[in-house]
Amino acid sequence: MTYWAKRRFVMMGGALVLLALCLVFPKILEFVEIATRELRYLWWLILILALGLWLAFFMGRNKE
């Protein structure tokens, strides 16, 4: 099996698992809706988190 076939298989499997979880736990969809609505107002938190991750992984490396 090639790399792309494996990757496609994993992506489709993940999508099926998410779909099954949404069907089993319908409250997840409500949570996602509320979370996306709140992220409109808290976009700067995502920006700060991304900056922190970037600083931790790329600025912390030794340049040898």
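General observations
- Pairs of Cα atoms in the chain fall into 5 Å distance bins, from 0 up to the last occupied one, in shares of 3, 14, 10, 11, 11, 18, 19, 9, 3, 1, 0 percent.
- Leading residue at positive end of dipole, the chain (Cβ point charges), from TYR3, LEU45, CYS22: TYR3
- 3J(HN,Hα) couplings calculated from phi for the stretch 37-50 with the Karplus curve 6.51 cos²θ - 1.76 cosθ + 1.60 (θ = phi - 60°) are, in sequence order, 5, 6, 5, 4, 8, 10, 5, 5, 5, 5, 4, 5, 4, 5 Hz; Gly and Pro show x.
- The chain, helix-only ellipticity at 222 nm - DSSP H runs n ≥ 4, -39,500 (n - 2.57), divided by all residues, nearest 500: -24000 deg cm²/dmol
Here, each number is a calculation from the coordinates, and none is a lab measurement. What you see is a predicted model, and the numbers here were worked out from it, not measured in a lab. Every residue, glycine as well, gets a Cβ built from its backbone with ideal geometry; the counts of neighbours run over all protein chains shown.
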